[in-house]
């Protein structure tokens, strides 16, 4: 099974590096959000006593980039189904669980690379992490976010045959998760109903973990962030693997 996982992981990486247009186009949205929100809300944030808005915003933009590239990796399942590669893979005498994990690991690795690139971009525009020694911890949270939402995207794609339906459903799910994660705005002073949604949102713990590692600011605490992300990954991966195993090629 480990050979299957390795092959699927390697295939995902090859796809990523073969498409230079995909690499550069995927950086457009986080760069736009970073500059637009920084210049638009930075002065207001500072006048309100929040300090440097870039320090607050940069971890959220890194998480956003990781979220979108990982969850949209799932569309490759539909693409492979339409062009026949998935049928060749599924009829092979290998474990579908291994195929699923290999795809998810590949997507999570691509997401990690994307997150690191966006992190480097934030350094160019002026962001500085408070403790360089905690950078590996930030990269761990990026990888966990990538793994979670690659598994989610693959699970959803396993239920669909129409490639055009996938972005619609993903945007319907992902945009509320993103805006309720605390990536762009502070959560202090929010109504209790919104706070409950914030606590139930697994992305909130990823954003909080990256922010804790990069700027030493955490709402939940690092151990709680890791535990909640790990639990979410276990649940989503189990569901995703089941749906993938039942999928018709």
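Go through region 133-165 residue by residue and tally those that are surrounded by fewer than 22 Cβ atoms within 10 Å (Cβ to Cβ) and either out of contact with any helix residue (DSSP H, G or I) (no Cβ under 7 Å at 6 or more places or on another chain) or more than 13 Å from residue 206 (Cβ to Cβ) (or both).
Residues meeting the conditions: 13.
So which residues in region 16-30 are in a helix (DSSP H, G or I), surrounded by fewer than 17 Cβ atoms within 10 Å (Cβ to Cβ), at pLDDT 70 or above and touching a helix residue (DSSP H, G or I) at 6+ places or on another chain (Cβ under 8 Å)? Lay out the reasoning, then the answer.
Restricting attention to region 16-30, the residues satisfying the condition of being in a helix (DSSP H, G or I) are 16-18, 20-25, 28-30.
After this cut, where a residue has to be surrounded by fewer than 17 Cβ atoms within 10 Å (Cβ to Cβ) as well, the list is 17-18, 20-25, 28-29.
Adding the requirement that they be at pLDDT 70 or above leaves 28-29.
Answer for region 16-30, where residues must be in a helix (DSSP H, G or I), surrounded by fewer than 17 Cβ atoms within 10 Å (Cβ to Cβ), at pLDDT 70 or above and touching a helix residue (DSSP H, G or I) at 6+ places or on another chain (Cβ under 8 Å): just 29.
If a residue has to be surrounded by 14 or more Cβ atoms within 10 Å (Cβ to Cβ) and in contact (Cβ under 8 Å) with a residue 12 or more places away in the chain to count, how many in region 187-198 make the cut? Before you say what the answer is, go through the steps one by one.
Quick first cut of region 187-198, residues surrounded by 14 or more Cβ atoms within 10 Å (Cβ to Cβ) only: 187, 190, 195, 197-198.
Next, only the ones that are in contact (Cβ under 8 Å) with a residue 12 or more places away in the chain stay: 187, 197-198.
Counting residues in region 187-198 that are surrounded by 14 or more Cβ atoms within 10 Å (Cβ to Cβ) and in contact (Cβ under 8 Å) with a residue 12 or more places away in the chain gives 3.
Scan region 199-221 for residues that are crowded, with 17+ Cβ neighbours inside 10 Å and part of a helix (DSSP H, G or I) and report the count.
14
Checking the conditions here, which among 71, 118, 104 is in a helix (DSSP H, G or I), modelled with pLDDT of 80 or more and under 19 Å from residue 135 (Cβ atoms)?
Values: 71 fails: under 19 Å from residue 135 (Cβ atoms); 104 fails: under 19 Å from residue 135 (Cβ atoms).
Of 71, 118, 104, the one residue that is in a helix (DSSP H, G or I), modelled with pLDDT of 80 or more and under 19 Å from residue 135 (Cβ atoms) is 118.
Which one of these does residue 57 not meet: (1) assigned to a helix (DSSP H, G or I); (2) modelled with pLDDT of 70 or more; (3) exposed (fewer than 15 other Cβ atoms within 10 Å of the Cβ)?
Single failed check for residue 57: (3).
Test residue 130 against the stated conditions and say whether it is in a loop (DSSP other than H, G, I, E, B), within 23 Å of residue 71 (Cα to Cα), in contact with a helix residue (DSSP H, G or I) (Cβ under 8 Å, 6 or more places away or on another chain) and modelled with pLDDT of 90 or more.
Details: in a loop (DSSP other than H, G, I, E, B): yes; within 23 Å of residue 71 (Cα to Cα): no; in contact with a helix residue (DSSP H, G or I) (Cβ under 8 Å, 6 or more places away or on another chain): yes; modelled with pLDDT of 90 or more: yes.
Against the criterion (in a loop (DSSP other than H, G, I, E, B), within 23 Å of residue 71 (Cα to Cα), in contact with a helix residue (DSSP H, G or I) (Cβ under 8 Å, 6 or more places away or on another chain) and modelled with pLDDT of 90 or more), residue 130 does not qualify.
The values are calculated or read from the model by the stated rules, or taken from the named source; none is laboratory data. The structure presented is a predicted model; accordingly, all values stated were derived computationally and were not measured. FYI the Cβ positions are ideal-geometry reconstructions off the backbone, even for glycines, and counts take in every protein chain you see.
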